[in-house]
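Worksheet: one structure, shown below.
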Amino acid sequence: WSPDGREVIFAMRGSLWRQALGTTIATQLTAGPGYDHQPDWSPDGKRVAFVRYDHDAMELASLELATGIVTPLTQGGAVNVEPRWSPDGARIAFVTTQFEGRFNVAVLTVGPDGHAGELRRVTPSRDSHLPRYYYSVYDQYLSPTWSPDGRELIIISNRGHIWGAGTFHRLAIDAP
């Protein structure tokens, strides 16, 4: 959804598209070189964070809507998914495997120019000592969502669970 609720950006066939509600015409925003998906519109309406799958990696990127310029936010060949802008538009929470190859949540600061700043892992590496059937003994973290004031994330974790995805957890986040 756009911040004003009048448009949507969605992924279709590996590209991002923009469409005003109540219309039948969509405008293509990206076209290769990878498979673009999971868009999230910035609170100021100027940028879209998204995932680009290319060369066996899923990296985050930022699309400046006024110019169409795509700026890489992550690099390094990890799985980086589920980007979510903070309410102030200065940070992106996302799921990444770049720490030990397991699903963790990290927060990335993003400058006004759309370039990445400080990256900080916000979930702990925790050996649960549980005999899990589907996952390793290490806890996994998914689906970050910001609180309206940007001071907390709600995440899903299998912490304390042998089966399934787990439960919701609140996670305090320091201000940028």
(request) Please specify each residue of the range 110-124 satisfying the condition of being open to solvent by 60 Å² or more (accessible area, probe 1.4 Å) and part of a loop (DSSP other than H, G, I, E, B). (result) Pro112, Asp113, His115, Pro124
(request) Specify the residue that is surrounded by the most Cβ atoms within 10 Å (Cβ to Cβ); the eligible residues are those in the range 96-109 that are more than 23 Å from Trp41 (Cβ to Cβ) and not basic (Lys, Arg). (result) Asn104
(message) Six or more apart or on different chains, Cβ atoms under 6 Å: show the pairs whose first residue is in the range 142-167 and closer than 15 Å to Ala106 by Cβ and modelled with pLDDT of 95 or more and whose second is crowded, with 19+ Cβ neighbours inside 10 Å and β-branched (Val, Ile, Thr).
(response) Pro144/Val105; Pro144/Ile155; Leu153/Ile173
(request) For the range 102-109, indicate whether the set of residues that are outside any strand (DSSP E or B), at pLDDT 80 or above and within 17 Å of the chain's Cα centre (by Cα) is non-empty. (result) yes
(request) Just give me the residues in the range 114-126 being modelled with pLDDT under 90 and in contact with a Phe, Trp or Tyr (Cβ under 6 Å, 6 or more places away or on another chain), in sequence order. (result) none
(message) Being among the acidic types (Asp, Glu) and touching a Phe, Trp or Tyr at 6+ places or on another chain (Cβ under 8 Å) is true for just one of Asp40, Asp4. Which residue is that?
(response) Asp40
(message) For the range 31-44: of the residues being over 23 Å from Ser86 (Cβ atoms) and either among the hydroxyl-bearing types (Ser, Thr, Tyr) or open to solvent by less than 40 Å² (accessible area, probe 1.4 Å) (or both), which is modelled with the highest pLDDT?
(response) Tyr35
(message) If Gly77 satisfies all but one of (1) under 16 Å from Gly150 (Cα atoms); (2) open to solvent by 40 Å² or more (accessible area, probe 1.4 Å), what's the number of the condition it fails?
(response) (1)
(request) Determine which member of the set Ala26, Ala11, Ala93 is open to solvent by less than 40 Å² (accessible area, probe 1.4 Å) and under 16 Å from the mean Cα position of the chain (by Cα). (result) Ala93
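The values are calculated or read from the model by the stated rules, or taken from the named source; none is laboratory data. All values derive from a computational prediction rather than experimental measurement. Ideal geometry is used to build each Cβ from the backbone, glycine not excepted, and the neighbour counts take in all protein chains shown. Note: accessible area is taken over every heavy atom of the protein model, side chains too, but ligands, DNA and RNA are not part of it. Shrake-Rupley method; radii C 1.70, N 1.55, O 1.52, S 1.80 Å.
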